[in-house]
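Below is one structure, written out as structure tokens; the observations come after it.
The values are calculated or read from the model by the stated rules, or taken from the named source; none is laboratory data. If you're wondering where the values come from, they're calculated on a predicted model, not measured in any experiment. Here Cβ is always computed from backbone atoms with ideal geometry, including for glycine, and neighbour counts include all displayed protein chains. Ligands, DNA and RNA are stripped out before the accessible areas are found, and what is left, the full protein with its side chains, is counted by its heavy atoms. Shrake-Rupley method; radii C 1.70, N 1.55, O 1.52, S 1.80 Å.
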Amino acid sequence: MARTTKREAIPRQVDSEALKAHLESYRQKALELGANAAEVIPASIVPVDERVRLKCLMPRCFNVGETPNCPPMTPEPEFMRKALSRYSWAVLYRIDLEHWEQYIPEEWGKAARDPKQTWSYHDKVSEITGTLEGMAFRDGYYLALGFGGGSCKVTLCRGLVCKVLDAGTCRHFLRARPSMEGVGIDAIGLALKVGWDV
């Protein structure tokens with residue numbers, strides 16, 4: 001007979017000390033999983049700007065319309081502003097790239113010389129984001145959510161046709177998510193706000 005573990009009920013209210021400890025554990029986990037830096041920040045400083053999403057469209061990114069996690073199918077910036085206003089805290093992390101050109105997907109030009117490096121970076125982003133979101137959910141923050149960096153078509157499906165658009169089911173339904181830029185979050189502006197070099 002399988003043994004079940006008793007889960008704690010979702011707390012009706014979380015005291016500030018418990019919240020502070022949880023946020024610090026998420027920050028530490030991001031570093032443990034390979035982030036070079038991680039900060040707990042007030043969600044109110046996360047900038048959402050229509051111009052960021054516009055950069056997906058002009059010049060047109062190869063992934064626009066190719067996945068439900070890229071514009072025009074992602075939530076509009078106005079919706080994101082409203083949704084983010086309901087959150088108090090965020091964990092922002094970064095992964096330093098030794099050679100930034102290795103991040104660029106191959107179809108964007110010859111700069112992407114090593115797709116394994118590109119995928120390794122994206123796999124790490126996906127792992128960290130999914131892990132932190134899962135930890136928060138298990139700690140009772142059932143509305144916690146995370147965003148990726150770059151298109152899930154590149155990061156997870158390695159450029160294959162999106163199965164959601166093709167057959168209705170995602171290959172990576174627990175890991176695929178919109179990128180920050182795809183919903184209008186100004187990731188560069190946010191990094192500058194917390195004092196990181198870009």
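Would you mind working out the magnitude of the charge dipole of the chain relative to its Cα centre, with +1 at each Lys and Arg C-beta and -1 at each Asp and Glu C-beta, to the nearest 20 Debye?
580 debye
Listed options for Cα extents along the principal axes in Å are [x] 47, 44, 34; [y] 45, 32, 31; [z] 50, 49, 34. The value calculated from this structure is the one marked [z]. Starting from the Cα gyration tensor of the stretch 128-198, take the square roots of the eigenvalues, sort them a ≥ b ≥ c, and report rounded, prolate or oblate (rounded when a/c is under 1.5, otherwise prolate if a/b is larger than b/c, else oblate). Taking the square roots of the gyration eigenvalues as a ≥ b ≥ c, the stretch 128-198 is oblate.
Determine which residues of the stretch 172-196 fall in the zone a paramagnetic label at Asn36 would reach in this model, i.e. backbone nitrogen under 13 Å from the point 7 Å along Cα→Cβ. Label zone hits: 196. Note on the chain: helix-only mean residue ellipticity at 222 nm, from DSSP H runs of 4+ residues weighted -39500 (n - 2.57) and normalised by residue number, equals -11000 deg cm²/dmol.
Output the pairs from Lys124/Lys153; Lys29/Lys163; Lys82/Lys124 with a Cα-Cα distance over 21 Å in this structure; if there are none, say none. Too far apart for the 21 Å limit: Lys29/Lys163; Lys82/Lys124.
Scanning residues 5 or more positions from Trp89 or on other chains, those with amide H under 5 Å from its amide H are Ala43, with H placed 1.01 Å from N in the peptide plane.
Ligands, DNA and RNA are left out, and with a 1.4 angstrom probe the accessible area of the chain is 64 Å² per residue. One chain, two ends: Val161 and Asp197. Fully extended at 0.36 nm per residue, the span grows by 9.5 nm beyond their Cα-Cα distance.
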